[in-house]
Amino acid sequence: MSEVKNRIMNESDNYILGAFKEGNQIVGMIGFRREQGIKFNHKGIIWGVYVSPEYRGKGIAKELLEEVINRGSGLEGLKQINLCVVTLNRVAIELYMKLGFETYGIEKNALEYKGQGYDEELMTYFYT
């Protein structure tokens, strides 16, 4: 099991978590920030979910996501967390769905890399 802890930024509503193995070797990370402004601060955003290829399939992304969801439950007024994921990344989408995220749309050609467009699935987690 990896050790999840803060390394960069450590505010309750704006942080980056790292998953570390074998001392200080980072093997995964996830970013979270709460939206700013009176009309938007009921929402948070997960960004930059990454796990090193050799550590994928070991539950690290799940562990990081669960930590963000748990921390979010303690933020007064936070009602949902949004994220987006390339539609080709079915493994990640299935994980997000297992954790309670719901799809609310698809952004066509959301990313472009080397002339190739990629769609993104827009997902949200609602606190009840």
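Summary of computed values
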| read-out | value |
| --- | --- |
| Within the range 69-128, considering residues that are among the basic types (K, R) and closer than 24 Å to I38 by Cα, the one surrounded by the fewest Cβ atoms within 10 Å (Cβ to Cβ) | K79 |
| The range 26-45 - residue that is out of contact with any helix residue (DSSP H, G or I) (no Cβ under 6 Å at 6 or more places or on another chain), closer than 14 Å to I16 by Cβ and hydrophobic (A, V, I, L, M, F, W, C) and, of those, modelled with the lowest pLDDT | I26 |
| Selected residue (criterion: nearest to E63 (Cα to Cα)) from residues of the range 88-128 that are among the β-branched types (V, I, T) and part of a strand (DSSP E or B) | T124 |
| Every residue from the range 64-87 that is in a loop (DSSP other than H, G, I, E, B), closer than 13 Å to Y15 by Cβ and not aliphatic (A, V, I, L, M) | G74 |
| Residue match in the range 53-71 (condition: among the hydroxyl-bearing types (S, T, Y), out of contact with any Cys (no Cβ under 9 Å at 6 or more places or on another chain) and either within 15 Å of K98 (Cβ to Cβ) or without any contact (Cβ under 8 Å) to a residue 24 or more places away in the chain (or both)) | no |
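The values are calculated or read from the model by the stated rules, or taken from the named source; none is laboratory data. Predicted model only: the values in this text are computed from it and were never measured. Heads up, the Cβs are rebuilt from the backbone with ideal geometry, glycines too, and the neighbour counts pull from every protein chain shown.
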